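The values are calculated or read from the model by the stated rules, or taken from the named source; none is laboratory data. Keep in mind it's a predicted model, so treat the numbers as computed, not measured. Cβ placement follows ideal geometry from the backbone for every residue including glycine, while neighbour counts extend to all protein chains displayed.
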Amino acid sequence: MTPLGFKVHCTEAYWQFISQQKHPVMAGRLQQVIETLKDPDEVRQSLKDPRVYLFYRADLKRWIAAVAKQEDGQAFLVTAYPTDNIKIGDVLWARSK
């Protein structure tokens, strides 16, 4: 469950696609993606699509980004990747400092 109150779904086949084809650097990092969705440092809403949420969690010197889309009452993982920068977007949730 995310801090925004919804669950994010991802099939094994789609995770394999993300971690082997889209972003091979994420291979073996499923648990980090789950932690990013459950316990992020920050959640932003996409400026391009208000149904898309960007979850960020610090990982050493970079961020792990997990991108989820909510449609028809369900949310699914779009992609996940390491990044140096957080995208611009409305901050919906941030960890208390």
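What the table shows:
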| item | result |
| --- | --- |
| First in segment 62-90 and touching a residue at least 12 places away in the same chain (Cβ under 8 Å) and among the aromatic types (Phe, Trp, Tyr), second anywhere and outside any strand (DSSP E or B) and surrounded by 13 or more Cβ atoms within 10 Å (Cβ to Cβ), Cβ under 6 Å, 6 or more apart | Tyr81/His23 |
| Matching residues in segment 71-91 - criterion: being within 13 Å of Leu4 (Cβ to Cβ) and surrounded by 14 or more Cβ atoms within 10 Å (Cβ to Cβ) | Ala75 |
| Any chance Leu47 is in contact with a Gly (Cβ under 8 Å, 6 or more places away or on another chain), touching a residue at least 24 places away in the same chain (Cβ under 8 Å) and not hydroxyl-bearing (Ser, Thr, Tyr) | yes |
| Hey, Leu4 assigned to a loop (DSSP other than H, G, I, E, B), surrounded by 12 or more Cβ atoms within 10 Å (Cβ to Cβ), in contact with a Phe, Trp or Tyr (Cβ under 7 Å, 6 or more places away or on another chain) and not charged (D, E, K, R) or not | yes |
| Residue in segment 60-70 that is at pLDDT 95 or above and exposed (fewer than 11 other Cβ atoms within 10 Å of the Cβ) present | no |
